[in-house]
Structures are given as structure tokens and as C-alpha cells.
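The values are calculated or read from the model by the stated rules, or taken from the named source; none is laboratory data. Because the structure is predicted, anything quoted here is derived from the model rather than measured. Ideal geometry is used to build each Cβ from the backbone, glycine not excepted, and the neighbour counts take in all protein chains shown.
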Amino acid sequence: MTTRYASGVSAGALAAALLVSGSAYAQERAAEVEELIVTAQRVEENLQEVPVAVTAFSAAALERSNIETLGDIALRTPGFSMGQVDPIQQNFAIRGIGSAQGISQNAGGDPSVVVFVDGVYAGRGGTPDLDALDLERVEVLRGPQGTLFGKNTVGGLVQFVTRKPSADTSLRIQGQLGNYDRRAVNVRGNVALADNVFLAAGASIKTRDGYEFNETTGNDVNDEDLRTGHLALRLTPSDALDVILSFDVTDQDQKGNPRDNICDTTLRGGVHCVGVNPDPRVMNAWTDGKMRRLVKTYRGEVNWETPLGVVTSLTGLRDVKLNYVTPFFSNPVNPPNQIESTETGHEKNQQFSQEVRLAFGLMDERLRGQVGFYYLNEDNGRTHWLLQQFPAPAQTGLAVYPQTVDATSTALFGQASFDILPTLTATVGARMTWEEKEGHFIGRKVSGPGLPPPLSADYDVSAQEKWDAFTPRFALDWQPTEDVLLYASAARGFKSGGFQGIAGNGASQATPYDPEFAWSYEAGAKTQWLDNRVRLNLSVFRTDYEDLQVSQLVPLCCVVVGNAATAKIEGAELEFDIRPFRGLQIDGSYAWLDAKFESFATGATGNFTGNRLPRSPKDKVNLGVQYSTDLSGWAALARVDYSNQSKMYFEASNIPTQKQQGYINWDARASLTSPDDRWEVAVWGKNLSDELVATYVTAFAPYRQVLVPYTPPKTYGVTLTWKMQ
């Protein structure tokens with residue numbers, strides 16, 4: 001209930017009346033912030049009534065901002081940053097908590113921020129392309145989510161929610177042309193097969209030329225050739241039973257992305273830089289490399305209304321095949337002689353998950369919550385080849401590292417909310433998780449006069465380890481008015497332990513690293529003002545982060561992961577959505593983050609206590625301005641998105657060569673929609689200021705060289721959409 005003055009006029013209405021007057025005020029009241037439904041607590045709730053920090057993108061918002069990738073999502077989300085070793089292997093960080101660099105290349109490792117698709121954990125092998133799914137929305141949950149979602153959500157998570165098949169018949173065909181010879185086609189449709197059987201399907205094809213050029217081979221690299229498909233069948237045999245069976249596939253086949261080699265010409269008279277092109281989009285590698293990924297996901301969801309509550313069963317089966325050749329280090333000294341380090345790998349992953357939960361409401365919904373059981377099994381086989389070609393014979397050779405890891409995770413969880421007063425609610429939840437990983441690891445010299453780093457001697461070892469984790473959550477929320485929700489919470493999350501990806505010897509390979517844990521304390525406010533024309537959401541938090549899995553590059557050896565640190569993270573995030581009058585929308589966010597190591601175990605690379613955590617920019621600003629109007633019956637819409645992110649580091653060392661300078665990004669889109677809403681034509685541009693932004697940095701101190709892949713340059717194009725309604 002909104003607060004009222006003695007005259008009976010609500011506070012929101014009185015403030016709005018100060019902005020506009022008379023009949024103009026009555027006309028403008030229709031401009032309201034849209035209501036967003038999210039499943040941040042595994043049940044559908046209004047975003048403004050959920051005591052969790054959530055950024056949500058509706059299907060319309062995804063389209064109007066031309067969001068196509070998780071990188072686009074991260075750019076617009078406070079506290080969320082993303083890096084990637086290559087277009088397939090990505091590293092996410094939320095509020096400073098992210099995966100150790102290179103852990104995605106580890107058969108026994110896991111990320112700190114994960115993706116769920118319709119509630120099913122999407123593990124290894126990269127995330128599905130957004131066009132592979134008919135998305136209803138995307139949700140980003142910030143902070144540990146260990147109670148309801150479980151393992152590897154120590155930093156937060158991204159949740160894809162697809163549109164359920166329905167009785168509505170629809171068809172949408174979209175084509176796109178852009179620079180770099182970009183071509184894309186996307187088709188989606190929905191049809192009722194019977195009164196209680198509905199089918200939804202979609203497919204897309206995306207191709208474009210590469211963003212970079214390899215002078216050695218004469219070919220463009222980092223191109224795109226992506227094909228996706230989605231199929232969902234929904235059955236509603238009764239009002240109490242709802243069953244959805246779905247399948248999606250992603251087939252990606254493209255050249256690799258050799259790193260830019262940034263050379264220090266002052267070292268050894270610049271001899272080691274001979275032949276290196278200074279253009280960051282021009283590479284010098286003996287091979288273009290390749291990336292081939294095939295992901296198949298089968299999901300089954302059953303919702304059954306019973307006298308006890310709604311029983312939900314989620315079954316997921318994921319099959320991933322990944323092949324890649326990456327020219328990691330390329331340095332033409334006195335061409336055509338090449339100094340090369342090339343990684344070649346093959347990975348096959350099979351994942352099965354099963355979750356059953358009961359959502360209940362008792363005492364006239366005064367007490368509500370859910371309890372459940374979760375099981376996950378992953379079989380991961382990975383073979384990694386490392387070819388090193390150097391002038392020094394002792395450093396030249398080929399080594400192979402086969403790995404197989406079988407991992408299981410089992411959990412019991414529950415959460416309950418109780419209305420102490422009609423406006424005051426207390427929430428308590430907990431999850432108990434048991435995990436086990438069992439692996440077989442081999443390191444073997446294949447050829448060469450010497451053993452190439454990091455292999456100091458052949459090994460063949462097996463290892464096994466078990467862990468358990470207790471991750472509770474406590475929250476209290478108070479709603480003094482219809483438009484204001486205040487909350488405070490404490491939550492614990494964890495990330496699984498694991499084994500090294502490539503070790504220098506058998507003892508190191510067989511030694512596991514332990515899980516990492518984080519306690520997060522948060523207070524927030526979710527508010528709407530001026531008759532729902534202004535939305536302001538604020539959160540402040542502190543996180544105590546323990547047993548961090550930190551990666552360190554050991555010179556002439558390898559990347560070693562260990563529980564090397566503790567950290568304290570503090571921050572604040574503000575999100576806003578303002579509708580001053582019909583047609584105009586101003587939205588965005590600001591995030592401030594102070595994420596530093598409180599302690600750091602001194603190792604081969606030094607003590608980094610007091611340094612900033614990787615991928616944790618101190619300041620991040622997003623601003624979107626959108627205007628829509630009617631032009632002789634045609635709907636016109638224009639939108640500009642601005643992002644400004646301060647500097648961040650990619651490793652704990654915080655050395656200048658491991659830093660991404662602060663940068664600004666501009667995106668824009670303008671569209672016209674026909675009076676019958678069937679046709680839309682849109683022109684768009686991304687990274688319009690053509691910023692050069694690193695996604696991953698590897699520094700080789702002995703040679704004063706930095707190897708960097710980059711985000712896409714300036715791109716632009718036109719999109720034509722036809723809808724049958």
C-alpha cells in the first residue's frame with residue numbers, strides 16, 4: 001500500500017504532478033516501466049518482489065539492444081565481466097569472483113559462474129548461442145546462489161529461460177547482412193498439434209569473415225560458421241500436469257584466433273620482434289588453427305500440481321565434442337624461421353543431471369518454500385597436445401596429455417519463507433552437497449630432442465578426491481509500501497575442487513586443489529516511483545572469499561592452479577529505468593567494486609597480497625536511451641547504448657602488461673515496423689568507436705612479450721524480420 005498524505009493523494013502521484021500538469025499528465029501516465037517476471041528463486045515472481053540482486057533482459061530488450069552473445073549481456077550488467085581464451089572457452093566473473101585463468105582447459109576443473117538453461121546446468125563445452133534458443137528472457141543473478149542452484153555458483157549465474165510452446169500459431173523469419181560479409185538467417189515457429197499438444201521449433205545459420213588476418217598463411221582468422229537448432233514439445237494432458245521435452249544443438253566450425261604478439265623492441269635490439277606486424281588485427285602464425293564444437297542438449301521438465309504443492313522434475317542430458325588447434329605463441333624471427341607454441345586438443349564430455357523439487361505453500365501461503373534433491377554426473381575425456389618449436393633443442397618437441405575425469409555431485413536442499421507480518425518476511429535455506437572426482441592423467445613426450453616445457457618427465461597417474469559443502473542462506477525483507485522492498489541477506493556459495501590441466505610432473509598432477517567458498521552479506525532496495533515511471537534498485541554488499549583457486553604462470557613450465565588466497569570484496573550497484581513520457585526510455589546501471597586479495601601464498605611468481613582480483617573493474621557505467629514514435633502508421637524506434645568500464649587486470653600479479661585499460665563502448669540500433677506489425681527493418685552498429693579490448697592476456701616476461709586475443713572490432717549491418725501472427 002503506497003504512503004499517502006493527509007489529502008489522500010499518493011506520494012508518487014504528487015511527485016509526478018510536479019513534472020507535468022493538466023491533461024498532459026493524464027496522457028503521459030501510460031508510460032510505465034514494464035513488469036518483469038523472473039525465476040531467481042526457482043519460482044515465478046515479480047522482479048521487484050525478489051530479495052536477490054537480479055538483472056533481467058526480456059526478449060524485447062534483447063532485440064532492441066541487438067544482444068547476440070553473453071559478451072553483450074556482460075557489457076550491460078553491473079558487476080559482470082567476461083573474458084575468453086577463444087570464442088568457445090569463456091571465463092565469467094561476477095562481483096570479482098571468476099574462474100582461474102585457463103581452468104576451462106582443465107578436464108578436472110570447473111567455473112565460478114555458470115549458465116543454466118531452463119534450470120538445467122550447462123557445464124563444459126561452452127554456452128549455447130542465444131539464437132539456438134527461443135528466449136523469453138535472460139537473468140543474471142549476482143552473488144553466491146549456493147542454496148537453490150548449488151555448485152559453481154559462488155560468484156553468481158546466468159539463466160536462459162526459453163519461451164514455452166503454446167496454442168498460439170506463429171512464424172518469424174529473420175535475415176541479416178553486415179560488414180565482414182556477415183550473413184545470418186533465423187527461423188522460429190510455434191503451432192498447436194492438438195488441444196493439449198504444442199510444438200515450437202527454430203533454426204539459425206550465422207557466417208562471416210574473420211576479424212583478423214594471418215600474414216603467414218594469407219587467410220582471415222577468427223571467422224564464424226555457426227548453425228543452431230531448437231525443438232520443444234509441450235503436453236498438458238490435464239490442468240494439473242505440464243510436460244515439456246526439448247532438444248537443442250549447436251554446431252560451430254571455424255578457423256582459430258592466433259594471438260596478437262605485442263613485442264618490446266628494446267630487448268636484444270628488437271631481434272626477437274623481426275617480422276611481427278604491429279597491427280593488432282594482423283597475426284603471424286604458421287597455422288590458422290581451428291575450432292569445432294558440437295553440443296547436443298536434451299531436457300525434460302515435468303510440473304505436477306498435487307495436494308502437497310507443485311512437484312517439478314528437471315532432467316538434462318548434454319553431449320559435447322570439442323576440437324581445437326590454437327597457435328598460442330607465434331614469433332617470426334628472421335623470417336621464414338618461426339618460433340611457435342601450438343596447442344591442439346580434443347574433448348568429449350557427457351553430462352547427466354536430475355533434479356526433483358517440491359514447491360509448497362502452507363498457512364494460507366504465509367509459509368511457502370521448496371525442498372529438493374539434485375544429482376549430476378560428468379564424464380570428461382580430454383587430450384591435449386603441446387607443440388613447441390624453438391631454436392634451443394632442449395625446448396623443442398611435442399608432448400601429449402590425455403586426461404579422463406569422472407565427477408559426481410549429489411545434494412539435498414530446501415528454502416522456506418515465513419511472513420512474520422503481512423509486510424515482513426524471513427527466509428532460511430540450506431543445501432548440503434557431496435562431490436567426488438576420479439581421474440586418470442598422462443603426460444608423455446612424443447617427439448623432439450628434449451622434453452618440452454612444462455613436461456619434466458613422463459608420468460601416468462590416477463587420483464581421486466571427495467569434498468562436501470554446506471551452503472546456507474538467510475534473508476529478511478520488508479515491504480513498507482507497494483512500491484518499495486527493502487532486504488538484507490547472508491549467503492554462502494562454493495566452487496568445486498579439481499585437478500591440474502597440464503602439470504610438469506606426476507606428483508603435481510595427482511595433487512588436487514580444494515573447493516573455494518564465499519560468504520556474501522548484502523542489503524538492497526527495490527523501488528518504483530512516479531506511478532511506475534521510475535524504477536531504482538540498489539544493492540550494497542561485502543563478500544569474504546576463501547581458498548581462492550588462483551592460476552599462476554610458472555616460467556618455462558605451466559599454468560598452476562592452487563588454493564593460494566583469501567579476498568575481501570565490497571561494492572555497490574545501482575540500476576535504473578526511467579520513462580519521463582511516452583516513447584522515451586532511459587535505463588542503465590552503475591557498479592562500484594573494491595575486490596582485493598587479503599592474503600596470497602607466496603609461490604613461484606610472488607606475493608600479491610593487496611592486489612586487485614582479476615577481471616574486477618572498480619567502476620562500470622551503462623546507459624541506454626531509447627525513443628519510439630509513430631511515423632504515418634509505422635512504428636519507429638531508435639536506441640543507443642553506452643558503456644564505460646575502468647581498467648582491470650587478467651591475473652593476480654596486476655603487472656601493467658596484464659592490464660586492460662579502461663574503455664568506452666557505443667552500440668546503436670534503429671528500426672521501422674509496418675502498421676500491421678508483420679515487417680521490421682533495422683540498421684545497427686556495435687563497438688562504433690572501434691575500441692581494442694583484450695579478452696585474455698598472457699605475458700612472457702623473459703621475452704617481454706604479451707599475447708592477446710581481442711573482442712570484435714566495429715561491426716554494422718541491417719536486419720529484416722517478417723512475422724506471421
Within region 513-535, restricting to residues that are within 13 Å of Glu32 (Cα to Cα) and of a type outside the set (S, T, N, Q), the one that is surrounded by the fewest Cβ atoms within 10 Å (Cβ to Cβ) is Trp529
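At pLDDT 95 or above, of a type outside the set (Phe, Trp, Tyr), surrounded by fewer than 20 Cβ atoms within 10 Å (Cβ to Cβ) and touching a Ser or Thr at 6+ places or on another chain (Cβ under 8 Å), is that true of Asp468?
It is true that Asp468 is at pLDDT 95 or above, of a type outside the set (Phe, Trp, Tyr), surrounded by fewer than 20 Cβ atoms within 10 Å (Cβ to Cβ) and touching a Ser or Thr at 6+ places or on another chain (Cβ under 8 Å).
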Per the filter on region 606-629, residues crowded, with 19+ Cβ neighbours inside 10 Å and over 19 Å from Asp667 (Cβ atoms) are Phe608, Asn611, Arg612, Leu613, Pro614, Arg615, Ser616
When every residue in region 656-682 that is among the aliphatic types (A, V, I, L, M) and buried (at least 16 other Cβ atoms within 10 Å of the Cβ) is compared, the one farthest from Gly717 (Cα to Cα) is Ala668
Within region 291-311, the residues that are of a type in the set (Ser, Thr, Tyr) and free of Cβ contacts under 8 Å to residues at least 60 places away in the same chain are Tyr298
Flagged in region 382-416 as surrounded by fewer than 20 Cβ atoms within 10 Å (Cβ to Cβ) and either modelled with pLDDT of 90 or more or closer than 30 Å to Gly497 by Cα (or both), in numbering order, are Thr383, Trp385, Leu398, Val400, Pro402, Thr404, Asp406, Thr408, Thr410, Leu412, Gly414, Ala416
Being buried (at least 19 other Cβ atoms within 10 Å of the Cβ), at positive phi and out of contact with any helix residue (DSSP H, G or I) (no Cβ under 9 Å at 6 or more places or on another chain) narrows Asn190, Asn222, Asn214 down to just Asn222
### Task
Report yes if Gln500 is in contact (Cβ under 8 Å) with a residue 60 or more places away in the chain and assigned to a loop (DSSP other than H, G, I, E, B), otherwise no.
yes
Those residues of region 259-283 which are more than 19 Å from Thr344 (Cβ to Cβ) and modelled with pLDDT of 80 or more amount to Asp260, Asn277, Pro278, Asp279, Pro280, Arg281, Val282
Of (1) surrounded by fewer than 18 Cβ atoms within 10 Å (Cβ to Cβ); (2) at pLDDT below 95; (3) in a strand (DSSP E or B), Phe474 fails just (2)
Among (1) of a type in the set (A, V, I, L, M, F, W, C); (2) crowded, with 20+ Cβ neighbours inside 10 Å; (3) at pLDDT 95 or above, Ala636 falls short only on (2)
Within region 477-490, restricting to residues that are among the hydrophobic types (A, V, I, L, M, F, W, C) and surrounded by fewer than 23 Cβ atoms within 10 Å (Cβ to Cβ), the one that is nearest to Arg542 (Cα to Cα) is Ala490
Scanning region 388-419 for residues that are under 28 Å from Asp319 (Cα atoms) and among the aliphatic types (A, V, I, L, M) gives Ala399, Val400, Val405, Ala407, Ala411, Leu412
Note on region 498-512: residues within 21 Å of Asn152 (Cβ to Cβ) and crowded, with 23+ Cβ neighbours inside 10 Å are Gly498, Phe499, Gln500, Gly501
Checked Ser508, Ser520 against criteria (touching an Asp or Glu at 6+ places or on another chain (Cβ under 9 Å) and either under 25 Å from Thr543 (Cβ atoms) or outside any loop (DSSP other than H, G, I, E, B) (or both)); the one match is Ser520
Selection status of Thr127, under 30 Å from Tyr513 (Cβ atoms), of a type in the set (Val, Ile, Thr), in contact with a helix residue (DSSP H, G or I) (Cβ under 7 Å, 6 or more places away or on another chain) and in a loop (DSSP other than H, G, I, E, B)
yes
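How do the strands (runs of 3 or more DSSP E) wholly within region 203-316 filter down when requiring 2 or more residues that are closer than 17 Å to Pro87 by Cα and among the hydrophobic types (A, V, I, L, M, F, W, C): which remain?
On the way: elements: 212-214, 219-221, 224-238, 241-255, 260-262, 290-306.
Hits in region 203-316: 290-306.
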Those residues of region 237-255 which are buried (at least 19 other Cβ atoms within 10 Å of the Cβ) and closer than 30 Å to Ala167 by Cα amount to Asp242, Ile244, Ser246, Asp248, Thr250
The residue from Val706, Val681, Val718 that alone is within 29 Å of Gly562 (Cα to Cα) and either touching a residue at least 24 places away in the same chain (Cβ under 8 Å) or not acidic (Asp, Glu) (or both) is Val706
Cβ pairs under 6 Å, 6+ apart or interchain, first in region 358-377 and surrounded by 14 or more Cβ atoms within 10 Å (Cβ to Cβ), second acidic (Asp, Glu) and in a strand (DSSP E or B), ordered by first then second residue, are Tyr374/Glu355
